[in-house]
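The values are calculated or read from the model by the stated rules, or taken from the named source; none is laboratory data. Everything quoted here is computed from the prediction, not taken from an experiment. Please note: Cβ atoms are built from the backbone with ideal geometry, for glycine as well, and neighbour counts cover all protein chains shown. To get the accessible areas, we keep the full protein, side chains included, count just its heavy atoms, and leave off ligands, DNA and RNA. Shrake-Rupley method; radii C 1.70, N 1.55, O 1.52, S 1.80 Å.
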Amino acid sequence: MTRRFMPRQRNRPTVQQRLSAGWEQLQRLFRAYEAEESDARRFRARQLEALLRLTPLAMGSNVLNAVVIDVSLWHKGFRPWLLAWSFVIATLTLLGLRGWWRARGSTRETASRRAMRRAGLHAGALGATWGVFAAILLPRLDAGGQLHLATIVIGMICAGGFALSSVPHAATMWVATAGIGAVVALWNSGIEQAHLFALLLCAYCLLVIYTAWAMAKVLGARLMAEAHAARQGEVIGLLLKDFEDHASDLLWELDGQGRFVHVSPRLSQMLGVPTEMFARAHAWAVIRRRMPRDDSGAMQWAALRAHLVAARGFRDLHVSLVDGGRLSWWALSARPLVDEQGRVTGWRGVAADITERQIAHRRLTWLANNDSLTGLMNRHQFREHLAGLLAPVTGLPAALAVIYLDLDDFKRVNDTRGHAAGDLMLTAFGQRLLSVARRTDTVARLGGDEFAMVVRNTAAPEELRPVLERIVGSLATPVDIMGESEFLRASIGVALAPLDGTDTDTLLNHADLALYAAKQAGGNRYAFFEAGLAEVSRRRLALAQALRGACERGELRLVYQPQISTRDQQVCGFEALLRWTSAEYGDVAPAEFIPIAESTGLLPAIGDWVLRTACVEAQRWPRHVSLAVNVSASQLTAPGFAAQLADAAAPLRPGRLELEVTESVLMDDAAEAMATLRSVRAMGFRTALDDFGTGYSALAYLRRFPFDTLKIDRTFVRDLASDGEAEVLVDTMIAMARAMGMRTVAEGVQQHAEGMMLSQRGCTAYQGFLVSPPLEADEIPRFLLRWQRGEVLHAPPAALPHPIPAALH
């Protein structure tokens with residue numbers, strides 16, 4: 001018997017099922033949220049609240065656009081139409097404003113479906129008025145009038161659709177009614193390609209409706225999330241409160257007249273009322289008398305009284321109480337006690353002392369936003385404040401100026417007089433800034449000795465100069481630092497918004513570049529950001545990148561400037577000077593690339609190469625000729641520098657090598673630098689204080705450390721023959737060095753007269769273009785031979801420039 005197998009038929013949905021599923025999908029598409037009716041009533045209230053906030057603006061826009069159309073079309077023969085239409089617009093506008101006025105002072109917790117339908121009907125009526133008006137009038141206008149009316153109507157369609165998006169049914173009614181009229185108007189307008197424009201307008205209206213529903217769905221999702229979070233919060237709050245009820249700080253209960261039923265000693269102590277007085281004291285009156293008499297106390301009492309009047313329970317209601325000048329904070333939780341008839345017969349609750357928590361919270365909040373030393377705004381809060389001004393939630397960004405300030409003398413005071421003196425200096429500087437700031441200005445400490453200000457309503461340098469002059473003037477009076485007077489000197493950089501930038505990072509970076517320019521110009525002055533500073537910054541970054549690996553590529557080299565003894569006019573030494581010839585940028589001046597190497601951390605490695613190379617090349621010189629090498633702060637304070645120096649200088653006798661340091665090297669870390677110099681001197685190497693006379697505390701360093709050599713800066717030598725004050729200063733330096741048993745070497749000697757005057761005053765040696773420009777290493781033997789024979793010219797050409805700055809200054 002043959003069995004036939006039939007294929008299994010799948011259960012296909014019927015036509016009715018398909019229609020039902022399609023209808024359900026369509027309903028879901030036009031549904032902002034799916035919620036139970038209890039939640040939906042609250043959600044509708046939130047939607048209408050959002051709509052009512054925009055009602056005055058929307059109604060005003062309708063009236064304004066109607067007035068514009070009336071004025072533009074009044075003389076074109078459509079007065080009856082305009083009057084009738086304007087009357088309808090005015091009536092609907094007044095109806096909308098009346099609804100807004102009625103709801104203005106009330107807080108609506110729920111809203112019915114009927115209220116939503118009324119909003120939709122009102123929007124549809126208003127949209128139909130605009131659409132019918134356009135459909136009737138637009139075909140009768142000339143081209144200019146058609147463009148004018150069409151622009152306004154289409155703009156109203158878009159603006160209304162988005163303004164009504166919180167109530168998407170109203171947005172749909174508005175766009176549909178106004179859009180249909182506008183489409184009919186375009187279709188019958190008679191303009192070229194009118195039908196195409198009408199179809200495009202249909203698509204545009206559908207897009208606006210879709211967007212309104214999409215925005216409504218976003219709002220609905222947020223409302224659903226908030227409701228879910230509120231339920232979770234209630235559950236968590238009940239669990240936590242149940243725990244607090246079993247381990248509470250203080251339990252309390254009141255009768256129907258508001259008197260305490262049970263009085264504990266702790267409750268009496270909390271309110272500062274004797275126990276025997278509680279029987280006749282009204283609890284809420286006692287609490288009100290203990291609240292602070294300020295705005296916060298009034299707000300707390302208003303919140304508490306609202307719950308009491310409404311007989312509504314409350315949880316964690318914070319109140320502050322004053323007792324004997326001491327302020328304490330309490331968290332109150334309570335529920336009303338009701339009888340069978342629903343009448344309130346009393347209250348029962350718990351009070352938790354949260355004073356320590358409140359103080360800690362306030363302290364943490366303050367520390368998160370303020371500098372603990374000066375009390376000024378800190379860097380994080382300053383950036384947030386500036387970002388808020390540059391990108392406000394509403395309105396246009398404010399025109400403002402960002403001022404960066406850096407104390408020029410802070411490191412010297414902090415290193416020589418201690419951190420306590422440095423802290424006093426920072427605090428005093430912050431107070432000076434506050435003294436010249438206006439109420440609308442912001443003052444902050446960004447860290448270290450860096451401060452910043454925001455000056456609002458300032459768009460041009462001329463407007464800011466009076467503020468900068470006030471800042472500079474406030475620093476003219478010395479400040480007392482631990483019994484000694486100190487002048488506050490600051491470098492100031494300024495960037496303006498929107499002129500120099502419209503975002504936080506750009507503006508702060510430009511202010512920092514201006515500050516750097518002020519420092520490079522000598523400090524104690526202000527500088528405005530200029531476009532060229534950004535180019536300088538870009539060049540610095542490019543040079544920093546190119547400087548990496550310069551030693552390995554053979555781009556660095558040493559040149560040597562001879563030093564001549566005034567006693568016998570013989571060469572007594574050479575100073576090693578660093579030069580860089582970049583394959584990409586050509587010859588780069590030491591004054592430009594040395595600070596870059598310092599800031600990028602490349603200088604220790606470069607300095608070690610300089611020491612090793614110079615010592616190897618000096619090994620070929622006569623034994624009486626010494627070598628002078630500049631040493632940077634990062635080298636001098638690096639761990640193991642003394643051992644590294646001994647290894648590098650192994651080819652030379654220690655007495656032939658002299659290490660030159662500037663005052664700035666000692667200021668960076670005075671204690672560590674001095675300790676390293678003592679170790680170096682104990683190993684037999686000589687030390688020299690370079691650029692003597694240009695700093696602020698060189699005499700203090702001479703007193704603390706006995707250098708072997710003082711180098712007189714070229715600025716004094718240059719004016720020696722023409723300036724009597726320079727002559728006196730040089731005499732003083734030489735006499736002081738002689739008294740302290742030190743040599744003196746004058747830099748930058750270019751004229752015979754300068755060399756003669758230095759020799760007559762007892763200067764030990766001099767160097768400069770009078771003797772020779774810096775020499776390559778292979779030129780030194782020939783130079784020594786020619787000098788010995790007297791063949792070297794002792795005067796430079798008249799137009800010779802000043803010597804190139806020394807390498808590691």
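Structural remarks
- Surface per residue (accessible, 1.4 Å probe) for segment 571-654, Å²: 38 Å²
- Once the Cα atoms are used to define both axes, helix 670-682 deviates from the longest principal axis of the chain by about 30 degrees.
- The chain, helix-only ellipticity at 222 nm - DSSP H runs n ≥ 4, -39,500 (n - 2.57), divided by all residues, nearest 500: -17500 deg cm²/dmol
- The chymotrypsin sites (Phe, Trp or Tyr not before Pro) found in segment 579-639 that occupy coil by DSSP, while having at most 16 further C-beta atoms within 10 Å, are Tyr585.
- Remark: the Cα gyration tensor places segment 480-626 in the oblate category, a/c being 1.5 or greater and a/b not exceeding b/c.
- Proximal aspartates and glutamates relative to Lys711, as straight alpha-carbon distance under 17 Å, when same-chain residues fewer than 8 apart are discounted: Glu575, Glu658, Glu660, Glu663, Asp690, Asp691, Asp719, Glu727, Asp731, Glu747, Glu754
- Sorting Leu373, Leu464 on solvent-accessible area from highest to lowest, probe radius 1.4 Å, gives Leu373, Leu464.
- Measuring with a 1.4 angstrom probe and ignoring ligands and nucleic acids, Met377 comes out at about 40 Å² accessible.
- Residues in segment 546-574 reached by a label modelled at Asp647 [backbone nitrogen below 19 Å; 7 Å Cα→Cβ]: 551-552
- Met756-Leu396 FRET efficiency (beta carbon distance; Förster radius 60 Å; 0.05 resolution): 0.30
- Ordered from highest to lowest accessible area with the whole protein assembly present and a 1.4 Å probe, Glu469, Glu109 read as Glu109, Glu469.
- Under the shape rule built on the C-alpha gyration tensor, where the axes satisfy a ≥ b ≥ c, segment 675-785 is oblate, since a/c reaches at least 1.5 while a/b does not exceed b/c.
- Rough spin-label spacing in nm, given labels placed 7 Å along Cα→Cβ, for His419 and Asp503: 3.8 nm
- Dipole of the chain computed with +1 at Lys/Arg Cβ and -1 at Asp/Glu Cβ about the Cα centre; of Leu515, Gly748, Trp100, farthest Cα towards the positive end is Trp100.
- For the pair segment 573-608 / segment 129-182, the C-alpha centres are spaced 72 Å from each other.
- Using Cβ point charges alone (K and R +1, D and E -1), the dipole size of the chain about the Cα centre works out to roughly 4740 debye.
- A Förster radius of 22 Å combined with the Cβ-Cβ distance from Ser72 to Ile136 puts the calculated FRET efficiency at roughly 0.85.
- Projecting the Cα atoms of Leu364, His380, Leu327 onto the charge dipole of segment 285-382 (Cβ charges, centred on the Cα centre) puts Leu327 farthest toward the positive pole.
- Tilt relative to the chain, helix 194-246 - C-alpha long axis, 0 to 90 degrees, to 10: 80 degrees
- Net lengthening on full extension, Thr477/Gln257 (0.36 nm per residue, minus Cα-Cα): 72.6 nm
- With Cα atoms, 0 to 90° folded angle of helix 780-789 axis to the chain main axis: 40 degrees
- In the chain, a dipole from Cβ-located charges (positive for Lys and Arg, negative for Asp and Glu) runs towards its positive end, and of Pro654, Ala298, Ala495 it is Ala298 whose Cα lies farthest in that direction.
- Within the chain, percent of DSSP bridges classed antiparallel, to nearest 5: 70 percent
- Heavy-atom accessible surface of the chain: percent carbon and sulfur, 1.4 Å: 58 percent
- Packing order of peptides 722-733, 639-650, highest average first: 639-650, 722-733 (average count of other Cβ atoms within 10 Å over each peptide's residues).
- Accessible area of Lys217 (1.4 Å probe, protein heavy atoms only, ligands and nucleic acids ignored): about 70 Å².
- With all protein chains modelled, accessible area of Arg312 [1.4 Å, Å²]: 120 Å²
- Estimated FRET transfer efficiency when R0 is 35 angstrom, pair Glu356-Ala221 (beta carbons, to 0.05): 0.30
- Loop-resident trypsin sites (Lys or Arg not before Pro) (DSSP state other than H, G, I, E or B) in segment 336-372 with no more than 16 further Cβ atoms inside 10 Å of their Cβ: Arg343.
- If the chain linking Ala303 and Arg465 were pulled fully straight, counting 0.36 nm for each residue of separation and taking away their Cα-Cα distance, it would gain 53.4 nm.
- Candidate values [x] 118, 97, 95; [y] 96, 65, 48; [z] 88, 70, 48, label of the one derived for Cα extents along the principal axes in Å: [x]
- The label-point distance for Glu779 and Leu206, in a model that sets each label 7 Å from Cα toward Cβ, rounds to 8.4 nm.
- Neighbour-limited loop hits for trypsin sites (Lys or Arg not before Pro), segment 555-624 (at most 12 other Cβ within 10 Å; DSSP other than H, G, I, E, B): Arg567, Arg620, Arg623
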